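The values are calculated or read from the model by the stated rules, or taken from the named source; none is laboratory data. As the structure is a computational prediction, the values presented were derived from the model and not from experiment. For neighbour counting, all protein chains shown are included, and Cβ atoms are generated from backbone atoms with ideal geometry for every residue, glycine included.
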Amino acid sequence: MFALLAVVSPSLKQIGALALTPAVALAWVLGSWAWISVEAGLCEEFFFRACIQSRLTAWLKSPAAGIALTSILFALSHWPGLYLRGGPDVDGWSTDPIQVACFTIATLSPLAFSLGLLWARSRSLLLIVLLHGAIDALPNTAAFFRTWS
């Protein structure tokens, strides 16, 4: 996930624009990973995996259906933030709310499905939280640096 985000997102360009030494940049990436793991990872993964996915799986009597439905709900929960707070410089932002909803489903559902499958197989909230933090670390490092430096 880290490598994929390094290639498809503007994260490395944004981090490079900070003009940090490699060691300092790595420290900020690790700090971002730790922060995002607690701030977004713990909150979102507890809610979506431990609460929603577990309940949907029991209710639907199907782990696959629980994972799939939770993945779509997870993606759509990110729609308001992208649509209302995003702008032209943000990937996936549009003035069309349907287009933004489609973008969030297309880009976040596969990631959510992967995390949901790992949750179903491992039941390790710590694993899922740390992976969620790793996925979000690079895209958030530049903002994390600007906020805390």
Report task. Give the number of residues within the stretch 5-27 that are over 14 Å from H132 (Cα atoms) and either of a type in the set (D, E, K, R) or not in a loop (DSSP other than H, G, I, E, B) (or both). Result -> 15
**Report entry** Qualifying positions in the stretch 39-73 - under 19 Å from L130 (Cα atoms), under 16 Å from the mean Cα position of the chain (by Cα) and free of Cβ contacts under 8 Å to residues at least 40 places away in the same chain
**Finding:** E39, C43, F47
Requested in this report: Could you figure out which of (1) out of contact with any helix residue (DSSP H, G or I) (no Cβ under 6 Å at 6 or more places or on another chain); (2) more than 29 Å from R146 (Cα to Cα); (3) among the β-branched types (V, I, T) isn't true of T70?
Outcome: (1)
Requested in this report: Considering (1) within 18 Å of the chain's Cα centre (by Cα); (2) modelled with pLDDT of 95 or more; (3) under 29 Å from L12 (Cβ atoms), say which one F145 fails and leave the rest.
Outcome: (1)
Requested in this report: Kindly check whether there is at least one residue in the stretch 28-44 that is among the acidic types (D, E) and not in a helix (DSSP H, G or I).
Outcome: no
Report task. Being under 26 Å from C102 (Cβ atoms) and either touching a Gly at 6+ places or on another chain (Cβ under 8 Å) or of a type outside the set (F, W, Y) (or both) is the filter here, so list the residues in the stretch 35-47 that pass it. Result -> I36, A40, G41, C43, E44, E45
Report task. Determine if the stretch 111-120 includes at least one residue that is under 19 Å from C43 (Cβ atoms), of a type in the set (F, W, Y) and at pLDDT 90 or above. Result -> yes
Report summary line: Within the stretch 82-104, residues being part of a helix (DSSP H, G or I), over 12 Å from the mean Cα position of the chain (by Cα) and surrounded by 12 or more Cβ atoms within 10 Å (Cβ to Cβ) number 8
Query - Matching entry among L127, L111 (being within 30 Å of L20 (Cα to Cα) and surrounded by fewer than 16 Cβ atoms within 10 Å (Cβ to Cβ)) - result: L127
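Yes/no matrix, rows are residues, columns are (1) free of Cβ contacts under 8 Å to residues at least 40 places away in the same chain; (2) among the aliphatic types (A, V, I, L, M):
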{"position": "W79", "(1), (2)": "yes, no"}
{"position": "D91", "(1), (2)": "no, no"}
{"position": "V100", "(1), (2)": "yes, yes"}
{"position": "I105", "(1), (2)": "yes, yes"}
{"position": "L127", "(1), (2)": "yes, yes"}
{"position": "W148", "(1), (2)": "no, no"}
Report task. Just name the residue that is nearest to G92 (Cα to Cα) out of those in the stretch 107-149 that are outside any helix (DSSP H, G or I) and among the polar types (S, T, N, Q). Result -> S149
Query - Residues being closer than 15 Å to A75 by Cα and at pLDDT 90 or above - total across the stretch 85-110 - result: 13
